[in-house]
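The values are calculated or read from the model by the stated rules, or taken from the named source; none is laboratory data. Values in this document were obtained by computation on a predicted structure and should not be read as measured data. Methodologically, a virtual Cβ is constructed for each residue, glycine included, from the backbone with ideal geometry; neighbour enumeration extends over all protein chains shown. SASA here: full protein model, heavy atoms, side chains in, ligands and nucleic acids out. Shrake-Rupley method; radii C 1.70, N 1.55, O 1.52, S 1.80 Å.
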Amino acid sequence: MTTPPLDRPLRRGWTTGACATAAAKAANAALVTGAFPDPIEVTLPRGERPAFALALTRRDETSASAGIVKDAGDDPDVTHGALIVATVRHGPPGAGVVFRAGEGVGTVTLPGLPVPPGEPAINPVPRRMIAAAIAEVAAANGQAGDVEVEIAVPGGEALAARTMNGRLGIVGGLSILGTTGIVVPYSCAAWIFSIRQGIDVARATGIDHVAGATGASSEAAVRALHGLPEGALIDMGDFVGGMLKYLRAHPIARVTIAGGVGKMTKLAQGLLDLHSQRGSVDFGALAAFAVEAGGSPALADCIAHANTAAEAFAHARADGIALGDNVAQAAWRTAAAVTEGRPIALEIAVFDRDGGLVGRAPFRAVHDDAPSRNRRR
């Protein structure tokens, strides 16, 4: 998806859950009445009533299928443009709505997710939306609403390779997601949700050491450093604060925060959202860290006038100053302030662009220090 122009508001879109609900409602209507309503209107959790155009209709003696092309608006969603297909069949009396995973929809294999292992990866809110839509059609036509609903996303298994589903133990395809039915462009909510799911799965599978990394390079480096399994890796991105706040309520014994020199410098400065729009590297603070590590006034001046954190670290390395360790210690204090008093041992690992470890604050229980008092302001 191309980046939208900046001279207009970002356009919202629809979740896979909303699309699946509309497709299921249309298919159920065709199964009961023989006709596909097009467009098909559904009710979202907050009461909105959007209408969806059908991109596929198919009916035989035992089932009806309808498909809707997902429009994610201006959000760079991996499922934008995907066809969401629902096939509805009559079920045995009293069965209610039974969900099946069709082509391209994953199956849950690990505990810790909102649906149990063995179930299709269709989250609770979309399940409730689909069940309500089935009930609406059933009530209007004097039916009981006992049906089997199969959700498919052709090509979904290939799309899922670009998501965290494999790490979460969701195999065979995508998840059908959404809590409001609406995709907010460039929202951090989906990322925070995936962080929480990763932590939940790690806890449920007995993993006692997780690593949150700011990007792919630092993730690969920290995985190699500790020999961590896939399920221990949390794609934290810029949301270190979101990860730590969730860990405060759902602790794991050992937590490593890993990132490049720029992101970890910002954490050392006290920032918990590491996105460039939330704050930049303070080169004056970085110069002060260098002095604390034994750097000369001349080195401090070079660092204060550096263009990038990588350049500042290169100046320190040339002078034999372990700048990364001081940055890591300050970053540890920032992170420990969020999780203070919880049964967590915290580590910070700072990596260069080549995956080399250039700074480290080793594991220490967060109650071993008084982080809120020692945190750099």
Next item on the list: Could you tell me which numbered condition ARG223 fails, if it satisfies all but one of (1) crowded, with 23+ Cβ neighbours inside 10 Å; (2) more than 30 Å from ARG11 (Cα to Cα)?
Entry: (1)
Next item on the list: Would you check which residues across the stretch 285-328 are within 14 Å of LYS266 (Cα to Cα) and assigned to a loop (DSSP other than H, G, I, E, B) and list them?
Entry: THR308
Next item on the list: Residue by residue through the stretch 106-131, note down the ones that are assigned to a helix (DSSP H, G or I) and either open to solvent by less than 60 Å² (accessible area, probe 1.4 Å) or at positive phi (or both).
Entry: PRO124, VAL125, PRO126, ARG127, MET129, ILE130, ALA131
Margin query: What's the number of the only condition in (1) open to solvent by 10 Å² or more (accessible area, probe 1.4 Å); (2) within 30 Å of PHE99 (Cα to Cα) that GLY173 fails to meet?
Written below: (1)
Check: In the stretch 30-63, what count of residues is obtained for those that are within 23 Å of LEU177 (Cα to Cα) and of a type outside the set (S, T, N, Q)?
Finding: 17
Notebook entry, point to check: So is ALA232 at pLDDT 95 or above, of a type in the set (Gly, Ala, Ser) and either surrounded by fewer than 17 Cβ atoms within 10 Å (Cβ to Cβ) or under 25 Å from GLY262 (Cα atoms) (or both) or not?
Noted result: yes
Check: Applying the selection to the stretch 331-354, what residues are part of a loop (DSSP other than H, G, I, E, B), at pLDDT 90 or above and not β-branched (Val, Ile, Thr)?
Finding: GLU340, GLY341, ARG342, PRO343, ASP352
Checklist line | Flag for THR214 being among the β-branched types (Val, Ile, Thr) and buried (at least 20 other Cβ atoms within 10 Å of the Cβ) | finding: yes
Notebook entry, point to check: Within the stretch 338-358, is there a residue that is touching a helix residue (DSSP H, G or I) at 6+ places or on another chain (Cβ under 9 Å), without any contact (Cβ under 8 Å) to a residue 24 or more places away in the chain, open to solvent by less than 20 Å² (accessible area, probe 1.4 Å) and among the β-branched types (Val, Ile, Thr)?
Noted result: no
Margin query: Tell me whether the stretch 68-76 contains one or more residues that are among the small types (Gly, Ala, Ser), touching a residue at least 24 places away in the same chain (Cβ under 8 Å), in a loop (DSSP other than H, G, I, E, B) and open to solvent by 30 Å² or more (accessible area, probe 1.4 Å).
Written below: no
Check: Consider THR205 against the criteria (1) of a type in the set (S, T, N, Q); (2) surrounded by fewer than 17 Cβ atoms within 10 Å (Cβ to Cβ); (3) within 17 Å of ALA361 (Cα to Cα): it satisfies all of them except one. Which criterion is unmet?
Finding: (3)
Margin query: Step by step: first the residues of the stretch 300-313, then only those that are open to solvent by 40 Å² or more (accessible area, probe 1.4 Å) and either among the aromatic types (Phe, Trp, Tyr) or under 18 Å from ARG353 (Cβ atoms) (or both), then the one that is nearest to the chain's Cα centre (by Cα). Which residue is that?
Written below: THR308
Margin query: Name the single residue that is farthest from ALA202 (Cα to Cα) among those in the stretch 135-149 being open to solvent by 50 Å² or more (accessible area, probe 1.4 Å) and either under 32 Å from the mean Cα position of the chain (by Cα) or in contact (Cβ under 8 Å) with a residue 24 or more places away in the chain (or both).
Written below: ASN141
Next item on the list: Collect the residues in the stretch 16-67 that are surrounded by 18 or more Cβ atoms within 10 Å (Cβ to Cβ), among the hydroxyl-bearing types (Ser, Thr, Tyr) and more than 29 Å from the chain's Cα centre (by Cα), keeping them in residue-number order.
Entry: SER65
Margin query: Looking only at the stretch 252-266, filter to residues that are buried (at least 24 other Cβ atoms within 10 Å of the Cβ) and not polar (S, T, N, Q); which one of those is nearest to GLU340 (Cα to Cα)?
Written below: VAL255
